[in-house]
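Each reported figure results from applying straightforward, stated rules to the coordinates on display, with no laboratory input. As the structure is a computational prediction, the values presented were derived from the model and not from experiment. Please note: Cβ atoms are built from the backbone with ideal geometry, for glycine as well, and neighbour counts cover all protein chains shown.
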Amino acid sequence: MDMHARPDTLLLAAGWWSGSGVARGALAIHRDRMAPAAWTTALRIDLRDHLVFPALVNAHDHLHVNAVPPLRTGAPFPNSYAWIDAFQAHFAEPSVVAALAQPKALRLRHGALKNLLAGTTCVVHHDPWHPSLDESDFPVALLRDFEWSYALAGPNYGPPVRASFAATPPQRPWMIHLAEGTDATARAELAELDRLGCLAANSVLVHGVGLAPRDVERVIAAGAAVVWCPGSNRALLGRTLDPRRLCHAGRLLLGSDSRLSGERDLLEELRLALDRYGLTPTQLLGLVTRDAARILRLAGRGRLSPGAHADLLVVEDRGGDPVRSLLGLARSDIRAVVRDGLPRIADPDFADWFAAFGIDTVPVTLDGRPKLIDRRLADDALLALEPGLAADAMAGARVLAAAGAHG
């Protein structure tokens, strides 16, 4: 690593995912954007034994409830409204009361950190906006230019459906939970949405488990899209939708939902979907990169071409199918997560990378593996909310001892 280079430009020698295969050579970052690999003076990092992928886009989460204990039940619910009704008694559980007593700003930040640890740097938060989401050091980027309603029925929560849709410019996404169930109520929701005049090319429907094949064709014909959350669907409803037709039509995204019902994170969703639903590894990766960026109008995300956001993840090249290898990883296997051109969490041997950009770090363990994390993301209260993440006191002691030995 050349430590005498300009600090605003980074040149990675790596294999990197081009969208259709692995390209090898120089991958350049200038400030917070990908750049042509033409810089003669740059901080150079040798990643020749690694692969670089675009960071992931999570198309559905409720960031502020990821530390709330889920409702345990032995039988699937017919629809999400029945689950919401059952959850009301769960609010009285001491563990739920304690989780919700945490400041909302902290809980939102925790949900964002959960995503970042798994290589996700952009998230759709399907809930009311909160001032803390605008903080300059918020862990992830968020979809901002969109409108939403919660659902057609159920709780009186969020903007009214017709008014929210009518207020949404056609170039912006409009999102709603829809057909989240297996019963007649869920199966009737697409027709009702269409009757209300709210099925259009910018409609993004979350879950869609109750969509019949003819409904899927109506979604595609309208130019709308569906956010698939298989982990959440299986946990609440006992099954999920068949994603193949929507995927082949380019009208499918992937979301993790929150841990109230979904898997731990988006990387876990990808790992569990691999070889299970008839989609290839490359199609699955597309759902959380280029397809998500296209459908959600996220210009400059989901790719590594010049001008794109410099959000990426670095993994070891283990040979074989690179995408399959990525989708089979645990979050602790990711070598580095980069957002806005800066490392945010990485393995300890990348300490010089942090230092070159003046980023103070804290040693932590992630699922038992040592990592370095940007100090701005390492508040004690925040670390305490995330299972598997903890400050590494022994690593800190080693650093202090080494500093004393050289003092």
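Calculated from the alpha-carbon coordinates, segment 57-295 shows an Rg and a Dmax of 16.7, 48 Å respectively.
By the beta-carbon count within 10 Å of each Cβ, the least crowded to most crowded order of 137, 275, 392, fewest first, is 137, 275, 392. Can you tally the net charge around residue 236? Count Lys and Arg as +1, Asp and Glu as -1, for every other residue whose Cβ sits under 15 Å from the Cβ of residue 236. Residues near residue 236 contribute -2 overall.
All Cα-Cα distances of segment 222-265, cut into 10 Å bins from zero to the largest, leave 31, 47, 22, 1 percent in each bin in turn. Take every pair of alpha-carbon atoms less than 8 Å apart whose residues are at least six positions apart; their mean separation over the length of the chain yields a relative contact order of 17 percent. With the highest mean first, a sort of the peptides 266-272, 70-76, 280-286 on other beta-carbon atoms found within 10 angstrom per residue produces 266-272, 280-286, 70-76. Computed from the C-beta positions of residue 351 and residue 134 and an R0 of 35 Å, the FRET efficiency is 0.70 to the nearest 0.05. Length gained on full extension, residue 249 to residue 188, computed as 0.36 nm times the residue gap minus the Cα-Cα distance: 19.7 nm. Checking the a/c ratio against 1.5 first, then a/b against b/c, what shape does the Cα gyration tensor give for segment 297-358? The shape class here is oblate. With neighbour counts taken as other beta-carbon atoms within 10 Å, the residues 104, 114, 371 rank, fewest first, as 104, 371, 114. The packing ranking, built from the mean of other Cβ atoms within 10 Å per residue, places the peptides 330-339, 152-161 in the order 330-339, 152-161, highest first. Estimated from the Cβ-Cβ distance and a Förster radius of 45 angstrom, the FRET efficiency linking residue 92 and residue 145 is about 0.70.
Over the chain, dividing the summed -39,500 (n - 2.57) contributions of all DSSP H runs of at least 4 residues by the number of residues returns a 222 nm mean residue ellipticity of -8000 deg cm²/dmol. Once the C-beta distance of residue 163 and residue 32 is scaled by a Förster radius of 41 Å, the resulting FRET efficiency is 0.70 to the nearest 0.05.
Using a cut-off of 14 Å between beta-carbons, work out the net charge of the residues near residue 73 (Lys and Arg +1, Asp and Glu -1, residue 73 not included). With Lys, Arg at +1 and Asp, Glu at -1, the neighbours total 0. Placing pseudo-labels 7 Å out from each Cα toward the beta carbon at residue 49 and residue 84 gives an inter-label distance of 5.2 nm. Normalising by the residue count of segment 102-148, find the relative contact order in percent from Cα pairs under 8 Å and 6+ residues apart. Over segment 102-148, the number comes to 44 percent.
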